[in-house]
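The values are calculated or read from the model by the stated rules, or taken from the named source; none is laboratory data. Predicted model only: the values in this text are computed from it and were never measured. Methodologically, a virtual Cβ is constructed for each residue, glycine included, from the backbone with ideal geometry; neighbour enumeration extends over all protein chains shown.
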């Protein structure tokens, strides 16, 4: 009798397990917010060209048209036409690359001194028009609108129209659009999501140079340590490499980056994956396009376990030096070599900006929800510390300003290597729609804060003991509710680069505001304006004697006489310049109209006399 | 695994509905999620779940035919594994095969209980084992054949272990997917069931060890064992259940054992 009872009880448990869980799942399915349906829509054949992205650099136009899937029997050839004297003239023709349906054009000897209307043509019916802008070298201020994190899920406000972003980009007439990563969050259907991205943003992308950097989610994984194209098998991908097949990654990069200027060092990495790190010179701003994930080493199995995930450190007592292991790479040597030459090349450039997926520090303390305090996150570019310092040393030699995203938390940091504030500034923009919340919330108040600034600002050590100085953080609300976009600190960034005053102004706007409305407010801590020269001005340095040149805005280079190390190269503003330099050392100063070809001072020291220099 | 690495329960707990429930139980926001300076209820309890699994492991070792307490604990353990599978399903954006493929993991404690309580040859025990096998292989098959997007790590492991290029790896995965479904059918056909169970045992073993084989390396701390070995342990039901069925059916043509006679096995 007992046996029968137990048998029945066991069977009931089995039935419960098999039936109740799916039933509950279905119940939750009805309760939970609806999910975005991501499909490729059927379009009229006249609408088969979804959008087009382009850049112009060094008199070469590169434009990639993104098509919807073509039907069998349809032509696989697409033309690019330019309007000349009222007539459309074909300047290039290309074949559609079927995995991804992209049509990449290249037009050399492009005259960038005038704007041109263009249209992409497929068959007899499909035409897509836009404007190739003239190179804005005559503008004092170059405006770069920055975006990151484009969730389309209703739970994050991702289903809310992007029209506010479109309107504001038009109102500020941005010269360049910069999407720092996670344009796509779907890990399997990049094409469908990319086409949706094009439908959402194509109207502003088609008329101005646009840079999209594919980040982890774009290539189909939650985090990315590219490790030179290795294959990743670990859940979470902290073992380094790519989770999706190389062919998938190639398709993503073709869609998002094939319109970039040619890569400076185009050798492929593992799985046939290409590289796209290069520079774009536009409006006398020289943008270095980094891809800071591509060579970065994965931490799993290389660093001692310090938390519940291979890439998370939750033990505040750990020794930061213990994770800065030999062999761990942040930027690859090829990228560092590129930065070294880029930092010294000031042809047609007044200012330099580095664009990358994320910032060079651990820029958040609380992850995921209003809990989850992480001491350090190795997905950030604060790790490995040695690689982080190498990258910053390379960038500060060019007084480069760093514009990035990825963190889902807008911040301004002034980075330090040997001392606080001895390297570059970075601006991390907020997400378009915020998938994953983070907070900058140090336990100790920052040192050397500005008067009446929040305690979270000031000098800090991040979780890797990197020196950082925070000036602003757009922390989301602890219990986001109501306005699902802005309580989750969604928004976008605007950076204004003034090539005359050499000032850099960072703006951080919430969603659904009119940036031209005087009553519209930015997130607390913004706007902030810095000088280009603040990007390498260590507090411990002194000043060399003032140099007065007989040409306007020459290029000046400071070289350590003992080590021959180039400390920095920069195009100065105007005819006078007071170089900053370490104390107790002697320097060579080189200068020239467009390159530092002439030694103008052989033994410069801090506190030295002013000098006049002729470069004519 | 839950002692060393964090389980994927956060996806279930970080929801407004969960917080509403916690509020109903008298927990404040700070108590529930922490102050930011310390861990809240959620983090603390996620970190303690491993105790429950350790207890279930001990129950598995100590359970006997008449150990009803242990058996009850194992039934609850099956519920724990079901919860874990449900968390994986939610984390995978509610892809149905993700839940289904965990059938082996979810049901194996119940199969043990049934084998002890009813007998290894009892039709309920055998049917449950067959269901577990079908769930595992049908779930994997849905992914491998491409009914749902084939996970990147399927390609990754195939490429790393076999050195296959993408198109070859895809062909192999599609083939494996077809075979997965054939196993699901074959296991229900008396004439084919033993061969199907043997294939399922071998394939289940190979796929379970594929993760450490593909991921471990001499250059990693502990050779990467702490990153990958538990993945094989977690997937042990993928080959253990078909192996159980294979040995159970090791005498083809044997007279079918009735439930009453199976009771005699006890």
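The criterion of being in contact with a helix residue (DSSP H, G or I) (Cβ under 7 Å, 6 or more places away or on another chain) and farther than 30 Å from residue A:350 by Cα does not hold for residue A:399. Select from the stretch B:167-224 the residues that are within 12 Å of chain A (Cβ to nearest Cβ), assigned to a loop (DSSP other than H, G, I, E, B) and out of contact with any helix residue (DSSP H, G or I) (no Cβ under 6 Å at 6 or more places or on another chain) and write down the one among them that is surrounded by the most Cβ atoms within 10 Å (Cβ to Cβ). Per the stated criteria, the residue is B:220. Residues that are surrounded by fewer than 24 Cβ atoms within 10 Å (Cβ to Cβ), at pLDDT 95 or above and more than 10 Å from chain A (Cβ to nearest Cβ) within the stretch B:121-132 comprise B:126, B:130, listed in sequence order.
For every residue, the table says whether it meets (1) assigned by TED's automatic domain parsing to the domain that holds residue A:255; (2) assigned to a loop (DSSP other than H, G, I, E, B); (3) without any contact (Cβ under 8 Å) to a residue 40 or more places away in the chain.
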| position | (1), (2), (3) |
| --- | --- |
| A:71 | no, yes, yes |
| A:75 | no, yes, no |
| A:78 | no, no, no |
| A:81 | no, no, no |
| A:89 | no, no, yes |
| A:93 | no, no, yes |
| A:100 | no, yes, no |
| A:104 | no, no, no |
| A:114 | no, yes, yes |
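Residue A:158 - would you say it is under 16 Å from residue A:255 (Cα atoms), in contact (Cβ under 8 Å) with a residue 40 or more places away in the chain and assigned to a loop (DSSP other than H, G, I, E, B)? If you could, list the steps in order and put the result at the bottom.
On the way: under 16 Å from residue A:255 (Cα atoms): no; in contact (Cβ under 8 Å) with a residue 40 or more places away in the chain: yes; assigned to a loop (DSSP other than H, G, I, E, B): yes.
Taking the combined requirement at face value, the residue does not satisfy it.
Within the stretch A:239-278, how many residues are part of a loop (DSSP other than H, G, I, E, B) and within 8 Å of chain B (Cβ to nearest Cβ)? The total comes to 4. Applying the criterion of at least 2 residues that are away from chain B (no Cβ under 14 Å) to the strands (runs of 3 or more DSSP E) found wholly in the stretch A:338-411 leaves A:351-355, A:401-404. Among the conditions (1) in the same structural domain as residue A:146 (by TED's automatic domain parsing); (2) surrounded by fewer than 16 Cβ atoms within 10 Å (Cβ to Cβ); (3) in a strand (DSSP E or B), residue A:548 misses just one, which is (1). Among the residues making up the stretch A:446-474, those that are under 26 Å from the mean Cα position of the chain (by Cα), assigned to a loop (DSSP other than H, G, I, E, B) and farther than 15 Å from residue A:429 by Cβ are A:456, A:457, A:462, A:463, A:464, A:465, A:466. Among the residues making up the stretch B:225-256, those that are touching a helix residue (DSSP H, G or I) at 6+ places or on another chain (Cβ under 6 Å) and within 14 Å of chain A (Cβ to nearest Cβ) are B:228, B:229, B:231, B:232, B:235.
Here the condition is being in contact with a helix residue (DSSP H, G or I) (Cβ under 8 Å, 6 or more places away or on another chain) and at positive phi; of B:119, B:104, it holds for B:119 alone. Quick check on my filter: what residues within the stretch A:262-277 are surrounded by 20 or more Cβ atoms within 10 Å (Cβ to Cβ) and in contact with a strand residue (DSSP E or B) (Cβ under 9 Å, 6 or more places away or on another chain)? Result: A:271, A:273, A:276, A:277. Could you tell me whether residue B:61 is under 20 Å from residue B:240 (Cβ atoms), under 16 Å from the mean Cα position of the chain (by Cα) and assigned to a helix (DSSP H, G or I)? No; evaluated as a whole, the condition is false for this residue.
Quick check on residue A:517: is it more than 21 Å from the chain's Cα centre (by Cα), surrounded by fewer than 20 Cβ atoms within 10 Å (Cβ to Cβ) and not assigned by TED's automatic domain parsing to the domain that holds residue A:343? No.
Within the option set A:200, A:182, A:186, being in a loop (DSSP other than H, G, I, E, B), more than 18 Å from residue A:104 (Cβ to Cβ), away from chain B (no Cβ under 12 Å) and under 20 Å from the mean Cα position of the chain (by Cα) holds for one residue only, A:182.
The residue list A:316, A:304, A:308 contains one member that is within 10 Å of another protein chain (Cβ to nearest Cβ), free of Cβ contacts under 8 Å to residues at least 60 places away in the same chain, assigned to a loop (DSSP other than H, G, I, E, B) and under 15 Å from residue A:373 (Cα atoms), which is A:308. If only residues of the stretch A:182-202 that are under 23 Å from residue A:484 (Cα atoms) and touching a strand residue (DSSP E or B) at 6+ places or on another chain (Cβ under 6 Å) are counted, the one that is surrounded by the most Cβ atoms within 10 Å (Cβ to Cβ) is A:183. Filtered by the rule that a residue be in a helix (DSSP H, G or I), at the interface with chain A (Cβ under 10 Å from one of its Cβ atoms) and free of Cβ contacts under 8 Å to residues at least 24 places away in the same chain, the stretch B:88-115 gives B:89, B:114.
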